[in-house]
1. Return the single residue from 168, 156, 144 with maximal mean-square fluctuation; model: Gaussian network over the chain, springs between Cα atoms under 10 Å.
2. How big, in percent, is the set of alpha carbon pairs in region 162-290 lying more than 18 Å apart?
3. Find the eigenvalues of the gyration tensor of the Cα atoms of region 222-341, then list the square roots of 5 times those eigenvalues as equivalent ellipsoid semi-axes, largest first, in whole angstrom.
4. Based on DSSP H runs of at least 4 residues, each adding -39500 (n - 2.57), what is the mean residue ellipticity at 222 nm of the chain after dividing by all its residues, to the nearest 500 deg cm²/dmol?
5. Find how much the distance from residue 108 to residue 294 grows on full extension, using 0.36 nm per residue of separation minus their present alpha carbon separation; answer in nm with one decimal.
6. Any idea what the relative contact order of region 124-255 is, in percent, if you count C-alpha pairs under 8 Å spaced at least 6 apart?
7. For Cα pairs less than 8 Å apart in space and 6+ apart in sequence, what is the mean separation divided by the residue count of the chain, i.e. the relative contact order in percent?
8. Hey, what's the Kirkwood Rh for the chain if you take every pair of different alpha carbons, in angstrom?
Ligand SMILES: NC(=O)c1ccc[n+]([C@@H]2O[C@H](COP(=O)([O-])OP(=O)(O)OC[C@H]3O[C@@H](n4cnc5c(N)ncnc54)[C@H](OP(=O)(O)O)[C@@H]3O)[C@@H](O)[C@H]2O)c1
């Protein structure tokens with residue numbers, strides 16, 4: 001395997017299989033290992049079995065081991081995906097199966113001074129919006145009370161912002177939330193529940209307003225690349241996006257524990273580029289030697305965040321857009337396994 005070196009972080013030119021992918025996504029940076037060694041107590045990840053959680057849990061465990069610490073790394077969720085619980089246990093992550101909507105099951109959760117909160121529901125909101133509100137607001141209300149003495153890093157979303165003019169450079173943390181559609185509104189509800197616990201109990205928390213984590217098994221880049229490869233039309237109305245490599249997200253999430261505060265510290269988490277979907281499809285088209293098929297035209301507004309604060313705090317992401325595109329294109333060509341979970345980034349009315 002050939003390697004390139006980016007900001008002291010050695011990266012392969014191409015990724016060939018799940019093993020290599022998981023290794024890169026769960027690799028802690030030096031600063032992350034340092035941050036973990038400065039934490040008091042154990043680390044609990046809630047919602048560990050989604051798209052991001054398994055790689056984050058492994059990264060935390062690796063950071064704990066590299067720092068030579070005996071901290072417990074614990075992951076909880078319902079573990080709807082078969083086999084995942086066993087995989088995490090094998091990697092040294094303790095697991096607690098638990099439906100967090102069932103109040104009595106909260107008692108199963110161990111105490112932990114450090115919590116990373118990743119529970120959420122997006123797709124299916126059109127069909128059952130009350131369940132989305134319950135997952136995205138009722139669980140945060142219960143968790144923020146149960147763990148009021150812990151530090152909690154909360155995965156939120158850039159969807160809490162309104163669509164903004166592309167020329168604005170994206171919403172920053174001072175942009176007032178104005179979410180479009182019920183999913184996004186419930187995500188603001190999630191933040192509000194944690195914020196309430198800050199006021200009521202002095203909870204310390206950080207909100208990570210993420211948009212579009214990217215890896216090879218899912219993500220906006222994969223969605224666009226697959227459409228170009230298959231010759232399916234690409235809807236251009238949401239014409240611009242922000243993306244960030246999931247390994248960078250994982251490192252940022254752990255390092256954010258030390259920033260938890262009351263009132264909440266708010267950080268936009270995404271990459272530095274405002275990426276044109278048309279440009280992206282054309283680049284993939286050149287790679288695959290296929291002409292992309294487009295539908296509709298770009299709107300003047302898009303869901304975009306400005307993550308300058310994040311770069312000031314943690315430095316720029318280690319993985320560039322160009323590198324991600326190269327990895328994704330190759331993954332599509334070798335027909336690498338995918339989660340088959342499209343992001344639906346093209347949705348403009350907030351209905352998921
Ligand atoms: N991925 C992205 O690009 C992205 C972008 C913006 C924001 N985010 C936010 O980041 C968070 C993590 O992202 P993700 O992509 O990993 O989300 P995800 O794939 O939707 O995972 C959500 C997690 O919540 C768990 N969960 C749902 N209902 C539960 C319940 N009743 N009890 C216990 N666990 C429950 C799920 O596991 P089980 O079904 O096994 O319980 C899963 O582990 C999400 O909350 C999302 O809002 C992600």
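Just so it is clear, none of the values below were taken in a lab; they were calculated from the coordinates. Given the structure is predicted, the values throughout are model-derived calculations rather than measurements. So basically every Cβ, Gly included, is an ideal-geometry build from the backbone, and we count neighbours across all protein chains shown.
1. Evaluated over the chain, the most mobile residue of the options is 168.
2. Across region 162-290, Cα pairs with separations above 18 Å total 63 percent.
3. For region 222-341, the semi-axes come out at 30, 17, 11 Å.
4. Roughly -10500 deg cm²/dmol at 222 nm, from the helical runs in the chain.
5. That works out to 62.0 nm of additional length.
6. 28 percent
7. 19 percent
8. Result for the chain, one decimal place: 20.5 Å.
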